[in-house]
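These notes are about the structure you will find just below.
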Amino acid sequence: MDNQEIYYRRNFYDLFWDAVRLGRMAQEVQEDDDTEFSCARASIMSSVFSLECASNCCVEIMPSGSGFKKDVDKLPFLSKFEVFLGVMFPGKTLDRGRHEVQLVQELKTIRDSFTHPKVKRTKLIRVDSNCEFKEGAGYISNIFGTGPTRSYDFGCTQFLNLPNTITWQAEDAISVLHAATKFLNYFFVGLCSYDSDTINDILRSSGEISIPSKISYGRLDDPELKRAMDRWKLNLDFLGG
């Protein structure tokens, strides 16, 4: 009988930490638009990937046959959370009408548009060069600065009010972090009623998972995450914050 110990690599914490750090970096370089946009994009994608990772961590611990898990693995990440809830807590369901869930549904759409980028088209409108532009809008000028300024507007998403472009800013990255953490608190704490030690085990343990957890992770003490809790009021109860 093979008793070799198995090492598990769960990437949630790395992805989530990146999202927080990159959000802070975007905020700290706001005088440099291009760098802010780059950091904000990376932060938003790290937030979304951390949600995908969390859903895969849930699928991994379901007491089901490998064939079933392979089928579940093909589902969108929100559906994976739903399947996990149905298997582990029969009778409980994910309320797709809740604001926390609607935010994550929107993040899934944003993720798909980012990873499968398509050409977008919209009309250009001549405007005064001194006008202010709302979220989702921008402008282009004649290359020599002699022509009229023209604006374009792709609009914003319904719930997060993120521009339907990828010129996201620091405030957008922070909004996405709030959306991700609201959902994770709702799912793991509100629906599953797991304590923070068990949630940490599911999302970051390098060994086999015990429910409830046999490991005490203590209070969250990572400086980067604590700074986000203080500065942005990010609710990290699910991690012991």
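For first residues located in the stretch 110-122 and closer than 20 Å to Phe77 by Cα, partners that are surrounded by 12 or more Cβ atoms within 10 Å (Cβ to Cβ) and polar (S, T, N, Q) and lie 6+ apart or on another chain with Cβ distances below 7 Å form the pairs Ile110/Thr157.
Selection within the stretch 180-196: residues that are surrounded by fewer than 23 Cβ atoms within 10 Å (Cβ to Cβ), in a helix (DSSP H, G or I) and among the hydrophobic types (A, V, I, L, M, F, W, C). The member of this set that is nearest to the chain's Cα centre (by Cα) is Val189. Selection of the stretch 210-230 for residues being in contact (Cβ under 8 Å) with a residue 60 or more places away in the chain and either surrounded by fewer than 18 Cβ atoms within 10 Å (Cβ to Cβ) or outside the structural domain of Pro63 (by TED's automatic domain parsing) (or both) yields Ile211, Asp222, Glu224, Arg227. Here the stretch 29-45 is the region considered, the condition is being within 15 Å of the chain's Cα centre (by Cα) and surrounded by fewer than 24 Cβ atoms within 10 Å (Cβ to Cβ), and the residue that is farthest from Ala19 (Cα to Cα) is Arg41. Could you please find all residues in the stretch 75-112 being at negative phi and either outside any helix (DSSP H, G or I) or in contact with a strand residue (DSSP E or B) (Cβ under 6 Å, 6 or more places away or on another chain) (or both)? Of everything in the stretch 75-112, those that are at negative phi and either outside any helix (DSSP H, G or I) or in contact with a strand residue (DSSP E or B) (Cβ under 6 Å, 6 or more places away or on another chain) (or both) turn out to be Leu75, Pro76, Phe89, Pro90, Lys92, Thr93, Leu94, Asp95, Arg96, Gly97, Arg98.
The values are calculated or read from the model by the stated rules, or taken from the named source; none is laboratory data. Note that the structure is predicted; figures quoted are calculated from it, not measured. Neighbour counts are summed over all protein chains in view; Cβ atoms, including those assigned to glycine, are modelled from backbone coordinates with ideal geometry.
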